[in-house]
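The next block holds one structure in the form of structure tokens; read it before the comments.
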Amino acid sequence: MAGGSAYRWSVRWRLLLKPGWLGLTLVVFAFAVTCYTLLAPWQFHRDAERETRNAAVQASFTEQARPLPQVLPDGQAPGQGTEWRRVFIEGTYLPDAEVIARLRTVQGEPAFEVLTPMRTTGGQMVLIDRGYVRPDNRTRVPPYAAPPGGTVRVEARVRADETDPQGRQAFSDDSTGGRLHSYAVDSRTVARATGLDIRPGYFQLAQGQPGVLGPLPLPQLDAGPYFSYALQWLAFGTMAVLGWLYFTVRELKPGGALSADRPRGERRKSVAELLAEDEDDEDAENDAEHTDGGDGSAAVAPSRPGGTGR
């Protein structure tokens with residue numbers, strides 16, 4: 001008996017090698033691996049980036065602004081330890097090399113950002129983000145104030161260059177009114193379009209500074225949904241594996257679709273039918289317990305007085 005039972009189970013397990021079940025297994029485990037190794041780590045990484053940014057912005061409120069060469073010496077590019085710090089820059093605006101960053105959103109509304117190079121008193125070229133202006137008739141750049149002439153001293157926040165995912169260059173045509181437009185706030189793009197040797201990164205003007213237009217608001221210091229998203233992807237991967245395991249065991253049982261002793265031609269039951277059978281079995285067991293009186297013996301109905309009751 002034991003040998004026959006073991007043989008039947010071995011046959012059932014071999015039936016897991018059916019092409020359809022192999023395909024389902026591959027899809028389930030590929031999804032789980034993607035959740036564990038790609039999607040969840042990606043959200044954890046975004047959560048860590050948000051925490052780093054929030055800490056840098058928060059620290060910038062208490063730190064004093066310092067001259068640019070002390071924060072980013074020798075043309076150093078901004079990094080996690082320097083972005084959002086406040087710096088002083090002294091130099092002269094170059095409005096003839098101005099570039100407009102298009103397709104921007106500020107406080108939920110469309111906007112353009114005005115990028116003006118500045119030649120510092122030390123001879124370097126830096127890119128100043130003077131702030132935003134709202135579109136005229138939702139498409140064109142409206143008239144805006146030119147930057148002040150001569151040498152000025154401004155306070156700005158250090159920002160890392162953006163990257164256009166499509167790698168588009170700055171351009172000008174009839175639709176831009178002859179102005180250079182770009183799709184990202186990127187010192188490299190502005191340098192290529194203007195021919196200026198601009199140092200990496202850009203500098204976002206603070207409110208009330210010479211040349212500022214609409215000052216750009218600072219990001220909100222909330223944690224964001226990324227950590228919960230990461231936990232959800234881990235849960236989805238785990239649920240997929242547990243679901244596969246549950247239905248594998250169900251199908252391997254006698255009468256299941258993968259069972260060797262399943263009658264030929266018998267219609268396969270749906271998941272809803274299987275769950276309904278489980279509920280019916282539980283109800284039957286509960287009814288039996290109430291009927292047995294709790295000790296396994298059948299309850300005897302009391303007889304009426306008078307013997308036969310006639």
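The values are calculated or read from the model by the stated rules, or taken from the named source; none is laboratory data. Everything numeric in this text was worked out from a predicted model, so none of it was measured. Cβ: placed from backbone, ideal geometry, glycine included. Neighbour counts: every protein chain shown.
Within the stretch 29-57, residues that are more than 12 Å from Gly237 (Cβ to Cβ) sit with their Cβ atoms under 7 Å from residues that are of a type in the set (D, E, K, R) and modelled with pLDDT of 85 or more, at 6+ positions apart or across chains, in these pairs: Ala56/Glu83. Here Thr120, Thr62, Thr52 are screened, and the one residue that is of a type in the set (S, T, N, Q) and touching a strand residue (DSSP E or B) at 6+ places or on another chain (Cβ under 9 Å) is Thr120. On inspection, Gly20 qualifies as of a type in the set (Gly, Ala, Ser) and outside the structural domain of Pro143 (by TED's automatic domain parsing). Could you check, for the stretch 21-44, whether at least one of its residues is in a helix (DSSP H, G or I), modelled with pLDDT of 85 or more, of a type in the set (Ser, Thr, Tyr) and in contact with a helix residue (DSSP H, G or I) (Cβ under 6 Å, 6 or more places away or on another chain)? Within the stretch 21-44 (the criterion being in a helix (DSSP H, G or I), modelled with pLDDT of 85 or more, of a type in the set (Ser, Thr, Tyr) and in contact with a helix residue (DSSP H, G or I) (Cβ under 6 Å, 6 or more places away or on another chain)), the answer is yes, since at least one residue qualifies. Residues in the stretch 228-275 that are among the hydroxyl-bearing types (Ser, Thr, Tyr) and modelled with pLDDT of 55 or more were compared, and the one that is farthest from Pro19 (Cα to Cα) is Ser228.
Listed here are the residues, each with its yes/no results for (1) over 24 Å from Pro135 (Cα atoms); (2) in the same structural domain as Asp74 (by TED's automatic domain parsing); (3) hydroxyl-bearing (Ser, Thr, Tyr).
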{"position": "Tyr183", "(1), (2), (3)": "no, yes, yes"}
{"position": "Val190", "(1), (2), (3)": "no, yes, no"}
{"position": "Asp197", "(1), (2), (3)": "yes, yes, no"}
{"position": "Gly201", "(1), (2), (3)": "yes, yes, no"}
{"position": "Pro219", "(1), (2), (3)": "no, no, no"}
{"position": "Ala230", "(1), (2), (3)": "yes, no, no"}
{"position": "Phe236", "(1), (2), (3)": "yes, no, no"}
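Scan the stretch 178-192 and give yes if some residue there is exposed (fewer than 14 other Cβ atoms within 10 Å of the Cβ), more than 32 Å from the chain's Cα centre (by Cα) and of a type in the set (D, E, K, R), otherwise no. No, there is no match, as no residue in the stretch 178-192 is exposed (fewer than 14 other Cβ atoms within 10 Å of the Cβ), more than 32 Å from the chain's Cα centre (by Cα) and of a type in the set (D, E, K, R). What are the pairs, 6+ residues apart or on separate chains, where a residue within the stretch 91-118 that is free of Cβ contacts under 8 Å to residues at least 24 places away in the same chain has its Cβ under 9 Å from a residue that is assigned to a helix (DSSP H, G or I)? Listed pairs, sorted by first residue: Asp96/Thr194. The residue that is modelled with the lowest pLDDT, among those in the stretch 60-74 that are surrounded by 14 or more Cβ atoms within 10 Å (Cβ to Cβ) and assigned to a helix (DSSP H, G or I), is Ser60.
A search for C-beta distances below 7 Å between a residue of the stretch 67-80 that is free of Cβ contacts under 8 Å to residues at least 40 places away in the same chain and any residue that is of a type in the set (Ser, Thr, Tyr) and assigned to a helix (DSSP H, G or I), counting only pairs 6+ apart in sequence or on different chains, returns Gln80/Thr52.
Right, Thr105: of a type in the set (S, T, N, Q), assigned to a strand (DSSP E or B) and modelled with pLDDT of 95 or more or not? Steps first, please.
Numbers: of a type in the set (S, T, N, Q): yes; assigned to a strand (DSSP E or B): yes; modelled with pLDDT of 95 or more: no.
No: the conditions fail for Thr105.
Scanning the stretch 144-173 for residues being touching a His at 6+ places or on another chain (Cβ under 7 Å) and either crowded, with 17+ Cβ neighbours inside 10 Å or under 19 Å from Gln204 (Cβ atoms) (or both) gives a total of 1. The number of residues in the stretch 124-143 that are surrounded by fewer than 15 Cβ atoms within 10 Å (Cβ to Cβ) and either touching a strand residue (DSSP E or B) at 6+ places or on another chain (Cβ under 8 Å) or in a loop (DSSP other than H, G, I, E, B) (or both) comes to 6.
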